[in-house]
Each structure stands twice: as structure tokens, then as C-alpha cells.
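Visitor: The structure's right below; bear with me while I get my questions together.
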Amino acid sequence: MKKFILTVGPALLHEVPITEIHSDKNIYRINGAHGSIEDIENYIEEIRAQVPGAAILMDLPGNKVRTKNVPNDGIELIKGEKFTIPNECFNYPDFYRHLKPGMIAWANDSVFEFEVLEVDGEKITFLSKSDGVLINGKGVHVRGMHKDIPFFFEKDRQLIQVVNKYHLEYVGLSFVRSAENVKEAKSLLADSIKVISKIETLDAVGDINNILPLVEYILVDRGDLSTDIGIINIPRYQKYIIEKAQYYDVKVFLATQVLKNMESKPIPTIGEIEALYEIYKSGVYGVQMSEETAVGKYVKETVSVLNDLFENVKEETILG
């Protein structure tokens, strides 16, 4: 284990200055899906003001369909009941053109499941198979649809300009499906910027032998990958991807729900610690904290757990 990707947001950077948790192992992630271009530039400048020389990762949103312009209290979901979402409440207004009645959509990293009932030029009507609240910025995924959608949405192209302007250290490519996607991105980026190709689609897994030779880093986003392959398949796919990357000498980051309990609790579950221990022992290069640091209540404690277990495993390795 070499690096920790820590997502900044209302918690880390604002409530908790990065000066209070900083180390050379940290990479500070900006989730490009949230906020305007001006907001994101402000994040970059604030990170550099707090810790000059801090390594920054710009995570491009990619062609992930997300909710937007949803009322602040969200859309209430009741299992077995219908609900509608206007087309203007998606970052890709033509989403409805790719849908047919009977299709299944997964939202918020597979937490919610919907069935498409009706589509027209104004709205999509779903049947909810889950209870909860759907808020802004959450992904809505339908398997097999993205081959017909451009790899980059307009915001991705704007963010690439920001990445080049500020000479950021890393850029994350979301929803890569082929080696051609990686080549397209690299053609737009300065040579000094390190590309992290995210493996979060079934298509990317299928083309992994062509993707890996193009990059130094990949990130396995288990949340989005689960919407494509089913959550029960995550362990074996994760193992397969890591083994492939190690064969090509590509460094691997793992993301999604690594210490999810610590979003709202000061300690992880025993299951999370055991899983993190196995991740550290697997030869993975780093892990990513998402909501745990971006909006979590226990940012300092989360980073302490990452570091303490890292030292524990390092000591075990030294002692043999």
C-alpha cells in the first residue's frame, strides 16, 4: 500500500483542513461530477493554498447519467409505487431516447432499483423496487446502453482544460469501455499528467488486455462496476482485474465503501477492517475514500484508521 486517495468536499478541506491530516501518501480527489467549473477551480486553489505541492486528482464524471435539478428534498421512492423524473432532471437530457418499457435501471451504486414503465419527450416513468430518497448527482444506470453514448460529455472536455491549466498530477477517466477511450483522453491531456483509467464497466473488463498497456494506474470502482455485473460478482471480478494489472505491472487503486461505516460512526466495522487488511496484503497500490472524507462526520478518524492499519501491516511484513 502506497497511496490514499481522499475525496475533498464539505467535510475534508472545509470543515477539516487538509493540513490536519496531510501526508505524502495522500492524493486529494476532486469529484468533477459535483459543482460548476468555477467551483472546481476554487477547490484546486484552496487545496494548493492549504498545502502547496499537494497531489491532486481530477476525477472526470464521464458519460455517467446523473440526476440534476432535483428538488432539495429529493424524490421519495416507495417500493411498488410509480414515480416520474422529467428529462431535464438528468445531465444527459436524451437519456429517455435509449430507454424502453421493461428495462431495469440501478441508481446510487445499486442501492435503488427501478423498472422503466413509460418514456416520452418530457419525462420517464419508473416503478420503484426500493424505498428511499433519490437526490441530485446520483447515477442512474441501464446495462448495455452506453455504447450509444459519447465517451465524453461537455463537462468532461471543460474539466480537461482545467486539468491542463493547473497542471494537476492525476486525472481519472470514468466509464472507460475500450482502449480507444483512453487514447482519446490522452490526446487531450498534457504529457505530464498521470492517467488513472477507472475499471467500472463490463466492457472495460472485456478489453482490459488492451487498456492496461496504455496506463500506469487503474482504479476499480466497485460501486459502478456492481451496476454492470451485479454486486454478487464483485469479489471475483476484483480479483481478476488485480491479477491482470499485476501481470502488466500496472498500479491498482480500489474504491467504494471501503470504510462506509465511518461516514456516520467513529469506528469501522470488523468486516471493513478485515477487508481492508486483505486489500493491503493483496499488493494493491492504494485505496480511495469517497463519501467517507467528502461528507463524512469522522474524517480524521477515517484517515487514522487507514494509516494505523498501514503501519500494522508494514510491521507484520518486516517481522515476517
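The values are calculated or read from the model by the stated rules, or taken from the named source; none is laboratory data. Keep in mind that this is a model prediction, so the values were computed, not measured. Neighbour counts run over all protein chains shown; Cβ positions are idealised from the backbone, glycine included. When the accessible area is computed, the model is the full protein with side chains, heavy atoms only, and any ligands, DNA or RNA have been set aside. Shrake-Rupley method; radii C 1.70, N 1.55, O 1.52, S 1.80 Å.
Visitor: Show the residues, 5+ positions off or on another chain, whose built amide H is closer than 5 Å to the amide H of K123.
Guide: N87
Visitor: Based on Cβ point charges of +1 for Lys and Arg and -1 for Asp and Glu, what charge dipole magnitude is obtained for the chain about its Cα centre, in debye rounded to the nearest 20?
Guide: 560 debye
Visitor: Where Lys and Arg each count +1 and Asp and Glu each count -1, what net charge lies around K79 among other residues with Cβ under 12 Å from its Cβ?
Guide: With Lys, Arg at +1 and Asp, Glu at -1, the neighbours total -3.
Visitor: Return, ordered by residue number, the residues of the stretch 119-153 whose backbone nitrogen is under 15 Å from a label point located 7 Å along Cα→Cβ of E88.
Guide: Counting only backbone N, you get 121-124.
Visitor: Now for a different question. Helix 179-188 against the longest principal axis of the chain: what's the angle in degrees, Cα atoms only, rounded to the nearest 10?
Guide: That works out to roughly 70 degrees.
Visitor: Just to check I understand the Karplus step: with θ = phi - 60° and J = 6.51 cos²θ - 1.76 cosθ + 1.60, what whole-Hz values come out for the stretch 39-48, glycine and proline as x?
Guide: Coupling constants for the stretch 39-48: 4, 5, 4, 5, 4, 4, 5, 5, 4, 6 Hz.
Visitor: Here's something else I'd like to know. Rank Y240, Y166, Y280 by accessible area, highest first, at a 1.4 Å probe radius?
Guide: Reading off the accessible areas and sorting them downward yields Y240, Y166, Y280.
Visitor: Take V51 and E115, extend 7 Å from each Cα along the Cα→Cβ direction, and tell me the distance between the two endpoints in nm.
Guide: Using points 7 Å along Cα→Cβ, the separation is 4.9 nm.
Visitor: Right, something else. Separation of the stretch 238-265 and the stretch 98-142 by C-alpha centroid, Å?
Guide: After rounding, the separation between the Cα centres reads 27 Å.
Visitor: What number in nm² do you get for the stretch 179-303 if you take the convex hull of its Cα atoms and divide its surface by four?
Guide: Approximately 8.3 nm², given one-decimal rounding.
Visitor: Sticking with this structure for a sec: From the phi angles alone, apply the Karplus equation (6.51, -1.76, 1.60; θ = phi - 60°) to the stretch 232-240 and give each ³J(HN,Hα) in whole Hz, x where the residue is Gly or Pro.
Guide: 5, 8, 4, x, 6, 5, 4, 4, 4
Visitor: Can you give the longest stretch of the chain with no exposed loop site, where a site means GluC sites (Glu not before Pro) in a DSSP loop (not H, G, I, E or B) with at most 16 other C-beta atoms within 10 Å?
Guide: Maximal segment without exposed cleavage sites: 217-320.
Visitor: Determine the share of the stretch 174-235's accessible area contributed by carbon and sulfur atoms, expressed in whole percent, with a 1.4 angstrom probe.
Guide: 52 percent
Visitor: Keeping every protein chain present and rolling a 1.4 Å probe, give me the accessible area per residue for the stretch 72-153 in Å².
Guide: 51 Å²
Visitor: Follow-up. What accessible surface, in Å², does a 1.4 Å probe find on L202, ignoring ligands, DNA and RNA and rounding to the nearest 10?
Guide: We get 80 Å² for L202.
Visitor: What spacing in nm lies between the two simple spin-label points modelled at N69 and V313, each 7 Å away from Cα in the Cβ direction?
Guide: Here the modelled spin labels are 4.5 nm apart.
Visitor: Mind checking the stretch 29-130 for trypsin sites (Lys or Arg not before Pro) that DSSP puts in a loop (not H, G, I, E or B) and that have at most 16 other Cβ atoms within 10 Å?
Guide: K68, K79, K129
Visitor: Now, a different point. Over the stretch 252-306, what relative contact order in percent results from Cα pairs under 8 Å that are six or more residues apart?
Guide: 50 percent
Visitor: Set Lys and Arg Cβ to +1 and Asp and Glu Cβ to -1, take the dipole of the stretch 112-233 about its Cα centre, and tell me which of G132, F112, L214 lies farthest positive.
Guide: The residue sitting most towards the positive pole is L214.
Visitor: With +1 on the Cβ of every Lys and Arg and -1 on the Cβ of every Asp and Glu, and nothing else charged, how large is the dipole of the stretch 179-308 about its Cα centre, in debye rounded to the nearest 20?
Guide: With only Lys, Arg, Asp and Glu charged at Cβ, the dipole is about 200 debye.
Visitor: In addition: In units of 2.2 N^0.38 Å, what is the alpha-carbon radius of gyration of the stretch 186-241?
Guide: 1.21
Visitor: Okay, moving on. In whole Å, what is the distance between the alpha-carbon centres of the stretch 42-66 and the stretch 267-320?
Guide: After rounding, the separation between the Cα centres reads 22 Å.
Visitor: Which of the trypsin sites (Lys or Arg not before Pro) across the stretch 237-314 are loop residues per DSSP, with 14 or fewer other Cβ within 10 Å?
Guide: Answer in residue order: K297.
Visitor: Restricting to DSSP H runs of at least four residues, report the calculated mean residue ellipticity at 222 nm for the chain, -39500 (n - 2.57) per run over all residues, nearest 500 deg cm²/dmol.
Guide: Estimated from H runs of four or more residues: -10000 deg cm²/dmol.
Visitor: Using the Cα atoms of the stretch 231-313, I'd like the radius of gyration and the largest Cα-Cα distance, Dmax, both in angstrom.
Guide: In Å, with Rg to one decimal and Dmax whole: 13.1, 38.
Visitor: Continuing with this model, one more query. Multiplying the sequence separation of S264 and E243 by 0.36 nm and subtracting their Cα-Cα distance, what value in nm do you get?
Guide: Extra length from S264 to E243 when fully extended: 4.2 nm.
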